[in-house]
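What follows is a single structure, written as structure tokens, with notes after it.
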Amino acid sequence: MSRRRLDVCVLGENGDKLTVTTAPPDRDGLGVLARKIAGFGEPVNAAIESMNGARYIHDTLELLGWDVEIADAQKVKGLAPLACKTDRIDAWVLAELSRRDLVPAIWLPDPGVRAERERARYRLHLVRHRTMFKNRVHATLIAFGKPCPVSDLFGVSGRDLLRKLDLPEPWSTNVIRALQQIDQLEAEIDTCAVELRQLGADHRYVPLLTTVPGISWVLGYTIASEIGDISRFSSPKKLCGYTGLCPRVYQSGGKDHRGPLAKNGPKYLRWALIEATVHAARHPAYREHYERTAARLGKQRGKKVARVEVARKLAEAIWHMCTNDRPFTPARSHVNALVA
């Protein structure tokens, strides 16, 4: 699928190709496609690869009476590796998987969860833009050999320093414009944070998540929206796997190789958990494990790996908390409470 074309392959019950066509991925084009394929009989089972815009096509075709699944692109690649890859071949592969009922379908959040995710992700988008403008100001000072004797270049004393700098044009004007953008973004970020806190107060999981060390209202809302319904994870390991913070495993015979992080699942959930470890690593429940791992692996990568391990432990604690509706309890006391 592209912005202008959707490749379609229609198979019969015995696998024969009934038609191969294309359609614009908009409401009118999908309506024409549905009427055209209706002539081959009903019901219509369809699969589309996960990508930007797939949810719109899924919702539109479902309203037109189709049974549509969105397939995990990586798992489809594992099920049907191809020597030659084109959109038309991909359409045939998805049609064949749908016919055989082998589509590795992904979980689709309901409209409420999608709205929660959009609110949290938009705030993060604003924060990253603010950081970008701040980095441009720092880069300008470095480019002209200007020292930065203050701890916060964008605080009161830092602003005074920037106003007194003698920079040539257009850099001087660009610094002023960057400061204006930073102020505007900070106002919008504060508004988003207030909104997230108000909505999080009535959320099922957010008040529980804020009892975890390192998780504020904003991070709690982000984590809750990315997880969705905790009941879809049967165990803490399932939730850890969903975060993508587990290493890849390659086992064959007597060989056991652990690769890099899988990094599947929502990247915003991984970011939120890693962000929480900045403070969680200092909590008595995790400090000893964090320091031991960091010391064992050395200065170059020890702290990074230790933070990932703490993030996985936070994910396990979150599963127990949300599943049993309990606030955070240090170490393994949540397990002891369940046994009691």
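The values are calculated or read from the model by the stated rules, or taken from the named source; none is laboratory data. Worth saying up front: this structure is predicted, and the values here are computed from it rather than measured. Positions of Cβ are backbone-derived with ideal geometry, glycine not excepted, and every protein chain shown enters the neighbour counts.
Structure notes:
- Which numbered condition Leu165 misses (of (1) in contact (Cβ under 8 Å) with a residue 24 or more places away in the chain; (2) under 20 Å from Gln184 (Cβ atoms)): (2)
- Residue count for segment 322-340 satisfying the condition of being crowded, with 16+ Cβ neighbours inside 10 Å, modelled with pLDDT under 95 and in a helix (DSSP H, G or I): 1.
- Scanning segment 239-249 for residues that are exposed (fewer than 14 other Cβ atoms within 10 Å of the Cβ) and in contact (Cβ under 8 Å) with a residue 12 or more places away in the chain, we see that the one that is farthest from Trp319 (Cα to Cα) is Arg248.
- Answer residue from segment 201-222, given it is of a type in the set (S, T, N, Q) and free of Cβ contacts under 8 Å to residues at least 12 places away in the same chain and is nearest to Ile189 (Cα to Cα) among those: Ser216
- The lone exception for Ser225 - which of (1) in contact (Cβ under 8 Å) with a residue 24 or more places away in the chain; (2) out of contact with any helix residue (DSSP H, G or I) (no Cβ under 8 Å at 6 or more places or on another chain); (3) closer than 18 Å to Met321 by Cα it fails: (2)
- For segment 13-33, a tally of residues being surrounded by 12 or more Cβ atoms within 10 Å (Cβ to Cβ), among the small types (Gly, Ala, Ser) and closer than 27 Å to Lys77 by Cα returns 1.
- Test for Ala315: is it of a type in the set (A, V, I, L, M, F, W, C), over 30 Å from Ala105 (Cα atoms) and in a helix (DSSP H, G or I): no
- Among the residues of segment 39-52, those that are hydrophobic (A, V, I, L, M, F, W, C) and either surrounded by 13 or more Cβ atoms within 10 Å (Cβ to Cβ) or within 15 Å of Glu96 (Cα to Cα) (or both) comprise Val44, Ala46, Ala47, Ile48.
- One residue stands out in segment 53-110 among those that are among the aromatic types (Phe, Trp, Tyr) and in a helix (DSSP H, G or I): the one that is surrounded by the most Cβ atoms within 10 Å (Cβ to Cβ), namely Trp92.
- Taking the conditions (1) among the small types (Gly, Ala, Ser); (2) part of a helix (DSSP H, G or I); (3) exposed (fewer than 13 other Cβ atoms within 10 Å of the Cβ) in turn, Ala120 satisfies each one other than (3).
- Filter result for the condition that a residue is assigned to a helix (DSSP H, G or I), of a type outside the set (Lys, Arg) and surrounded by 14 or more Cβ atoms within 10 Å (Cβ to Cβ), over Val212, Val150, Val127: Val127
- Filter pass, His203 being surrounded by fewer than 18 Cβ atoms within 10 Å (Cβ to Cβ) and touching a strand residue (DSSP E or B) at 6+ places or on another chain (Cβ under 7 Å): no
- Which numbered condition Asn135 misses (of (1) surrounded by 13 or more Cβ atoms within 10 Å (Cβ to Cβ); (2) assigned to a helix (DSSP H, G or I)): (1)
- Qualifying position, being farther than 30 Å from Arg301 by Cβ and not in a loop (DSSP other than H, G, I, E, B), among Gly259, Gly158: Gly158
- The residues listed here are Val20, Val32, Val8; of these, the one that is in a strand (DSSP E or B), out of contact with any Cys (no Cβ under 9 Å at 6 or more places or on another chain) and β-branched (Val, Ile, Thr) is Val8.
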